[in-house]
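Asker: The structure under discussion is supplied below as structure tokens; questions concerning it will follow.
Every number in this text was worked out from the coordinates using simple rules, so none of it is lab data. Computed from a predicted model, the values in this text were never measured in an experiment. Glycine gets a Cβ as well: all are built from the backbone with ideal geometry, and neighbour counts include every protein chain shown.
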Amino acid sequence: MAKIIVVTSGKGGVGKTTSAAAISTGLALRGKKTVVIDFDVGLRNLDLIMGCERRVVYDLVNVIQGEAGLNQALIRDKRVENLFILPASQTRDKDALTQEGVERILEQLKQDFDFIMCDSPAGIERGAQLAMYFADEAIVVTNPEVSSVRDSDRILGLLGSKTRRAEQSLDPVKEHLLITRYNPSRVTSGDMLTLDDIREILSIDLLGLIPESEAVLRASNQGVPVTHDAASDAGQAYTDTVSRLLGEDMPLRFHEVQRKGLLNRMFGGSRR
Amino acid sequence: MKLLEFLKRERKKSASVAKERLQIIVAHQRGQRGQPDYMPLLERELLEVIRRYVQVDDDAIQISLDSEDNCSVLELNVTLPKS
């Protein structure tokens, strides 16, 4: 049975799209047939992060409005088998997404895929609510910073009330915390909320911790999800995250200041 | 030495200040979570009515809705100033 997972946060710029792209890629690399859907109608960006922006012909809204079939709109990833992208529309009409339309598409995708990842837009408006409405699980992306944590808590409230699972009194949406842009040295100096602070305030299970990393910008510059950069800290952290999502027990990494070896200190270039 | 300690303590503070502030605001948000959408408006209008008779501060009114088995209880607490 396909799992629908929403990647959400409330606040913008915390790494939702980066995470949706990286986790989807990781799932596909593990052999899971995965589709990632961009729900940010009007401001699509997932296509850029996935590096398929020049292959977009039809989009989510085209499919909902019946102007194209689902198979015409799905873009097959060039790097990994089993990975597909459904881009958002650039239309400015916010009402282009309908609940019935989204439900129809998700039902159709469920037949074919193991994982359906919904990349939510920022905010708590229609697009964000539709992205989470049908979800079985939610990955709440949070930066160690006050406004992000507060907004994540707001999103947790919505996940518990404005989703199909909540409205129909089914099992609640399974909530996972994904902390991104974590900087262990700033945590050590007392200028950044610790992992445990965030966990304690939001009181949900930690799925993963992604360190602040130069690899992330490098990945988005190139349109290659950071999971492919297997040598990088962020790439490895996302791979761990995917393993945990698949139910494996992985020890936490990158949450403490890395001690550089002598050779690394002498010859090591930029932090990876 | 004293100065150094002082500076160090100041630097340590920002993350713990953030944590304290978040704990308060998140507790407040969670208190409002299950409540109906009309509660903030109800609270504001009740405050207006009370102010027609007594001058009270914004935070002098506390309103909460508790659901028990088959009924809901709307609790209203107003702290009146000493006259």
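Asker: Please give the net charge around A:Val61, taking every other residue with its beta carbon less than 9 angstrom from that of A:Val61, where Lys and Arg add +1 and Asp and Glu add -1. Intermediate results must be reported in sequence, preceding the final value.
Answerer: Details: positive: none; negative: A:Asp59, A:Glu67, A:Asp93.
For residues surrounding A:Val61, the net value is -3.
Asker: Would you tally the net charge around A:Leu177, using a Cβ to Cβ cut-off of less than 15 Å, leaving A:Leu177 out, and scoring K and R as +1, D and E as -1? Show your work: numbers first, answer last.
Answerer: Details: positive: A:Lys11, A:Lys16, A:Arg150, A:Arg154, A:Lys174, A:Arg181, A:Arg199, A:Arg244; negative: A:Glu137, A:Glu145, A:Asp151, A:Asp153, A:Glu175, A:Asp196, A:Asp197, A:Glu200, A:Asp205, A:Asp240.
Value of the local net charge: -2.
Asker: Springs between alpha-carbon pairs under 10 angstrom, Gaussian network model over chain A: which of A:Gly66, A:Gly42, A:Gly31 fluctuates most?
Answerer: A:Gly66
Asker: Then there's this: Under 10 Å, Cα contacts only: if you run a Gaussian network model on chain A, which one of A:Ala28, A:Ala128, A:Ala230 comes out with the highest mean-square fluctuation?
Answerer: Of A:Ala28, A:Ala128, A:Ala230, the most mobile in the Gaussian network model is A:Ala230.
Asker: So for the pair B:Asp59, A:Arg54, with labels modelled 7 Å out along Cα→Cβ, what separation do we get in nm?
Answerer: According to this spin-label approximation, the distance is 5.9 nm.
Asker: Now for a separate question. Grab the DSSP H runs of chain A that are 4 residues or longer, score each as -39,500 (n - 2.57), total them, divide by all residues and round the 222 nm result to the nearest 500 deg cm²/dmol.
Answerer: -11000 deg cm²/dmol
Asker: Any of A:Lys174/B:Lys19; A:Lys11/A:Lys174; A:Lys11/B:Lys13; A:Lys174/B:Lys13; A:Lys16/A:Lys110; A:Lys110/A:Lys162 with alpha carbons more than 29 Å apart? Name them for me. Could you put the intermediate results ahead of the total?
Answerer: On the way: A:Lys174/B:Lys19 25 Å; A:Lys11/A:Lys174 20 Å; A:Lys11/B:Lys13 25 Å; A:Lys174/B:Lys13 34 Å; A:Lys16/A:Lys110 22 Å; A:Lys110/A:Lys162 21 Å.
Listed pairs above 29 Å: A:Lys174/B:Lys13.
Asker: Taking amide hydrogens as modeled 1.01 Å from N in the peptide plane, which residues meet the under 5 Å criterion relative to A:Cys118, leaving out close sequence neighbours?
Answerer: Residues meeting the amide H criterion: A:Ile5, A:Val6, A:Val7, A:Ile37.
Asker: OK, next. Using a Gaussian network model on chain A with a 10 Å cutoff between Cα atoms, which of A:Thr25, A:Thr194, A:Thr91 fluctuates the most?
Answerer: In this elastic network of chain A, the residue with the biggest mean-square fluctuation among A:Thr25, A:Thr194, A:Thr91 is A:Thr91.
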